[in-house]
1. Kindly indicate whether any position in the stretch 142-151 is hydrophobic (A, V, I, L, M, F, W, C), crowded, with 16+ Cβ neighbours inside 10 Å and either more than 28 Å from residue 191 (Cβ to Cβ) or at pLDDT below 95 (or both).
2. Picking from 258, 237, which residue would you name as being out of contact with any strand residue (DSSP E or B) (no Cβ under 7 Å at 6 or more places or on another chain), outside any helix (DSSP H, G or I) and on the phi < 0 side of the Ramachandran plot?
3. Across the stretch 290-323, what is the number of residues that are outside any loop (DSSP other than H, G, I, E, B) and either farther than 20 Å from residue 218 by Cα or of a type in the set (A, V, I, L, M) (or both)?
4. Among the residues of the stretch 95-120, write down those that are under 18 Å from the mean Cα position of the chain (by Cα), of a type in the set (A, V, I, L, M) and either modelled with pLDDT under 95 or surrounded by fewer than 24 Cβ atoms within 10 Å (Cβ to Cβ) (or both).
5. Check off (1) closer than 19 Å to residue 2 by Cβ; (2) surrounded by 18 or more Cβ atoms within 10 Å (Cβ to Cβ) for residue 284 and give me the number that stays unchecked.
6. State the number of residues belonging to the stretch 204-225 that are more than 25 Å from residue 252 (Cβ to Cβ) and within 20 Å of the chain's Cα centre (by Cα).
7. Please work out if residue 162 is within 30 Å of residue 228 (Cα to Cα) and modelled with pLDDT under 95.
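The values are calculated or read from the model by the stated rules, or taken from the named source; none is laboratory data. Note that the structure is a prediction, hence the values are computed from the model and not measured. In this analysis, Cβ positions are derived from the backbone assuming ideal geometry, glycine residues included, and neighbour counts consider all displayed protein chains.
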Amino acid sequence: MRLSYSLGSLLTIEQVLECSKKLGKLKPDTMWIPETWGMENFSMLSLASKENPTSKIGSSIINIYSRSPSLVAMGAVTVDTVSNGRLVLGLGTSSQPLVEDFHGSKFEKPVKRMEEYVKIIRLIFAGKTINYSGEFFILKDFSLLIKPPRNDIPIYLAAINQKMVELAWNVADGVIFYLRPKNELKSTLTSMQAKKKIDASIQIITCVHSDSEKAINRAKKTLAFYVSVGKIYREFLASNGFENETKNIFEEYKKTGLKNNSELVPESMVNELCISGTPDECRKQLQGFYETGVDLPIIQFNPIDNVQESFDLVTSTFSEESG
């Protein structure tokens, strides 16, 4: 069975590179690196690809409002060259607060923007001279100065709501899900994969510790963060079985911030959306995600205490699955 790892935004550059080196020895399918408002993604992917010469290297995700599609294509081709053809380009829309408050862009028509974005990037990857006129982008006589090592760098789309899910199946090579109840995930995959087969991945908040309660509490904190600051996740989860839970978490967030609201995350919610507990418990929980029909689980590393010791425990827990 295929397995991959995501090295979270809470790590330092040095910690990402050290973890990358360890993954190079374990050879999981893909090593993903996120981009939020800290480390720049293409720089980190290039550096990490040198520490891990074996796995595919994935962006999870590049947001489509902070760069032009031409610049993303340039970055992707550069990383694909540096990594000897191992890049998986993960694209997403991010969120309205991040896009508008942090990047000064207007968050509008994300599905249409993504459609144009992917179309332009694919044309650039193919080595064509681009003359394109769309709703969001107009390009004249653009072509890369370097020859892409591959014309078919795989593109995965982060998708939450149904229109973006459908777009992923229409234009992408893969999809990246996040925070989806397993019954909903299985239903969506069964329906969509019957129409057309693409590579289905889901990034899973993962916390492993010898003390199960400590791991669960760590998962609750991460889950509370995304419910609090991510309106799109909050609304999606509310419409898929967690209406009261998300409301309670968010109301507490508005009062006291992230200080206490993780205490309102029930274990039933953690069990449905995350992997957390002892190594034995976590291995069993991973199987539950495979059973939904997911092709590639992405273990989102959430460190507990010492980062490298925690990472060693996580990778040793799942090493058989990634062998």
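1. Going through the stretch 142-151, the residues hydrophobic (A, V, I, L, M, F, W, C) turn out to be 142, 144-146.
Next, only the ones that are crowded, with 16+ Cβ neighbours inside 10 Å stay: 142, 144.
Next, from what is left, pick out any that are either more than 28 Å from residue 191 (Cβ to Cβ) or at pLDDT below 95 (or both): 142, 144.
Scanning the stretch 142-151 turns up at least one residue that is hydrophobic (A, V, I, L, M, F, W, C), crowded, with 16+ Cβ neighbours inside 10 Å and either more than 28 Å from residue 191 (Cβ to Cβ) or at pLDDT below 95 (or both).
2. 258
3. Going through the stretch 290-323, the residues outside any loop (DSSP other than H, G, I, E, B) turn out to be 290, 296-301, 307-318.
With either farther than 20 Å from residue 218 by Cα or of a type in the set (A, V, I, L, M) (or both) added as a condition, the list becomes 290, 296, 298-299, 307, 313-314.
Final tally of qualifying residues: 7.
4. 98, 99, 111, 118
5. Residue 284 satisfies every listed condition except (2).
6. Matching residues across the stretch 204-225 total 1.
7. no
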